[in-house]
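Q: Just passing along the structure, written as structure tokens.
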Amino acid sequence: MDVEKFLPEEFKQDEEDYWQVHNKLLSDYEGKWIAFHHKKVIASGDNIYEVTLLALQKSNSCAYITKVGEEDKLMVQKCSLRSPTPKAYGT
């Protein structure tokens, strides 16, 4: 199943933008959960659920959520106002 077709374009753009600044984010956020939206970190912390809730308060659509430096160990995370619980998608 091609999960990518179900992801909003805005989410895909956030993920692409994230990878463009990944190395800088490593120095500031390695080991932390972050929500990345519109080319910036909008929330960060040690708990994915707290980061997700903060992201939902700051964004009215979606955000790319990941644990910086451990992306290869995780699934892509997506949250939106319609579904505030993070959804995991196989990468």
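FYI, it's all coordinate maths here, none of it is from the lab. Bear in mind the structure is a predicted one, so any value in this text is a computation, not a measurement. Please note: Cβ atoms are built from the backbone with ideal geometry, for glycine as well, and neighbour counts cover all protein chains shown.
Q: Averaging sequence separations of C-alpha pairs under 8 Å and six or more residues apart, then dividing by the length of the stretch 3-75, give the relative contact order as a whole percent.
A: 32 percent
Q: Also, quick follow-up: Compute the distribution of all C-alpha to C-alpha distances in the stretch 1-52, in bins of 10 Å from 0, and list the percent of pairs in each, rounded to whole numbers.
A: 24, 49, 25, 2
Q: Could you tell me the calculated FRET efficiency between Asn60 and His22, based on Cβ-Cβ distance and R0 = 22 angstrom, to the nearest 0.05?
A: 0.30
Q: Further question on the same structure: Can you put Ser27, Ser59 in order, fewest other beta carbons within 10 Å first?
A: Ascending Cβ contact count within 10 Å gives the list Ser27, Ser59.
Q: Can you pull the one-decimal nm distance between simple spin-label points at Gln13 and Glu30, each 7 Å off the Cα toward Cβ?
A: 3.1 nm
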